[in-house]
Amino acid sequence: MKTQQLQLKKPELEVKGLNKRYGKGCSNCQTPEMLHVKDNRCQHCGSVWACIDVNFELYKGEILGIVGESGSGKSSLVKSLYFDDAISSGSATISTYKNGEVNIFTESAQQKRYIRNYIMGMVYQNPYLGLKMSFSSGGNIAEKLIASGTFHVGSIRDRARQLLEHVEIPLARMDELPKNFSGGMQQRVQISKALANNPPILLLDEVTTGLDLSVQARVLDLIRKIQRDLGVAMIVVSHDLGVIRMLADRTMVMRHGRVVERGLTDQILEDPQHPYTQQLVHSLL
């Protein structure tokens, strides 16, 4: 029933035929179809097809989980969506950007900056990629707001306070450098920065990796709270099926750059069809 309801809606984000290759390539790997289905690395030149013909939709207010082992392509996928890495081919449209009629990958650098500032937020596994450690917590949020055209100091301070309160960072530490914070607090500051301009889409890449279990639980609770309170659509990347079980409405399983299985999270975890998914689920038990 839930899948049928989603299909009646227009996707917030729709990705078609996304391919991403690292390396110059050679005559043996000009297209991913030239590689063995069980490998995404060219044995001749070492180039890697990190994403191979990836297709999916993300709907308003849902959490889509992407799971797979290290090197499966899941992080490359979200980094490509956030324009950190240029894709090799494919398209993506966003319903709230130019009526969902324009491939965001072919837009100008200026328009891509607009999308990063207003429409998508990104939370990296390594907080040092998402935060400027020489800026205060409030200063990191201010940077995002200034990039989108907000210059009133009072408004910026008010918004920073509001966001830090939302992610449970003590306001007394708003002017403190995040390099002095714990890993869990750094991730929460990253999340507050990503939410600065109320983006409809949030990308989260392995945000609980390396955190203590109690800290992981607080971050996961925060993510669910944001979904519930703000209705933000999210893509959550993780190698941990426990995280996906807690958060995701639907799940895609990736291996060697390819999507090998997809469906409602409960179905994926309770009745996996692909041998690789079965192996992942068995490792969780």
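Among residues of the stretch 199-213 that are closer than 16 Å to ILE223 by Cβ, those with a Cβ under 8 angstrom from a residue that is of a type in the set (Ser, Thr, Tyr) and not in a loop (DSSP other than H, G, I, E, B), sequence gap 6+ or separate chain, pair up as PRO199/TYR118; ASP205/SER75; GLU206/SER75; GLU206/SER238; THR208/SER238; THR209/SER238. Of all residues in the stretch 228-244, those satisfying the criterion of being surrounded by fewer than 19 Cβ atoms within 10 Å (Cβ to Cβ) and either of a type in the set (Asp, Glu) or at pLDDT 95 or above (or both) are ASP229, ASP240. Take ASP249 and tell me if it is of a type in the set (Asp, Glu) and exposed (fewer than 15 other Cβ atoms within 10 Å of the Cβ). The answer is no for ASP249.
Within the set ARG228, ARG255, ARG250, the sole residue that is under 25 Å from ALA196 (Cα atoms) and within 19 Å of the chain's Cα centre (by Cα) turns out to be ARG228. In the stretch 196-212 there is no residue that is out of contact with any Phe, Trp or Tyr (no Cβ under 6 Å at 6 or more places or on another chain) and part of a helix (DSSP H, G or I). Scanning the stretch 140-150 for any residue that is touching a Pro at 6+ places or on another chain (Cβ under 6 Å), β-branched (Val, Ile, Thr) and modelled with pLDDT of 95 or more turns up nothing. Whether any residue in the stretch 36-46 is under 19 Å from the mean Cα position of the chain (by Cα), among the β-branched types (Val, Ile, Thr) and either in a loop (DSSP other than H, G, I, E, B) or surrounded by 18 or more Cβ atoms within 10 Å (Cβ to Cβ) (or both) is what I want to check. No.
For the structure I just gave you, tell me whether ALA92 is within 19 Å of the chain's Cα centre (by Cα), more than 19 Å from ALA233 (Cβ to Cβ) and not β-branched (Val, Ile, Thr). The answer is no for ALA92.
The values are calculated or read from the model by the stated rules, or taken from the named source; none is laboratory data. Computed from a predicted structure; not experimentally measured. When we count neighbours, we look across all protein chains shown, and the Cβ atoms used for this are built from the backbone with ideal geometry, even at glycine.
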